[in-house]
Amino acid sequence: MTKAFRHGQILKIIRSRNVFTQEELAGLLREQQVETTQVTLSRDMRELNIVKTAGGYREMEREAPMPQFASLAAEFVQDVRLAQNLIVLKTSPGHASSVAVALDEEEWPDITGTIAGDDTILVICPDNATAELVRTKLYGLLES
């Protein structure tokens, strides 16, 4: 497993449930076929800015936030197209990646994932109805 994959799995776990000990987190990672040592897990948690709270481990706010999606979308998104459960965003050349990263950082629950090229972003939604809702939300951001 790569470090990036392991970090992603750690974040997915702590965002979806209350985890109170590193041992519990290590067990949940093992269920995902991610083996790690306690030392590596401690280092990962420090790098991810995860702290222990009364409600379990939580991700702390990042110090330098990425540019907000709404401002990047307003500047670079040129078209929004719907294709069943997929949305295609056309951007100015060279800007799809930064817009996609900003959208991913927003963590919209209706978006399963994004894939970016040079001037195109594929936004994947779980179903057609959800994609229509996301498209409407995107239009709303672009109109303001």
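The values are calculated or read from the model by the stated rules, or taken from the named source; none is laboratory data. Model, not experiment: these values are computed from the prediction. Cβ atoms come from the backbone with ideal geometry, glycine included; neighbour counts cover every protein chain shown. Side chains included, ligands, DNA and RNA excluded: accessible areas come from the protein's heavy atoms. Shrake-Rupley method; radii C 1.70, N 1.55, O 1.52, S 1.80 Å.
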Query raised in the report: Do we find that ARG58 is in contact (Cβ under 8 Å) with a residue 40 or more places away in the chain, among the charged types (D, E, K, R), outside any helix (DSSP H, G or I) and open to solvent by 60 Å² or more (accessible area, probe 1.4 Å) in this structure?
Result: yes
Requested in this report: Pull up segment 87-128, narrow it to residues that are small (Gly, Ala, Ser) and assigned to a strand (DSSP E or B), then point me to the one that is surrounded by the fewest Cβ atoms within 10 Å (Cβ to Cβ).
Outcome: GLY113
Report task. Find all pairs meeting these conditions: Cβ atoms under 6 angstrom apart; at least six residues apart or on different chains; first residue within segment 110-124 and closer than 10 Å to SER97 by Cβ; second residue exposed (fewer than 12 other Cβ atoms within 10 Å of the Cβ) and among the aliphatic types (A, V, I, L, M). Result -> none
Report summary line: Those residues of segment 66-81 which are open to solvent by 50 Å² or more (accessible area, probe 1.4 Å) and in contact with a strand residue (DSSP E or B) (Cβ under 8 Å, 6 or more places away or on another chain) amount to GLN78, ASP79, ARG81
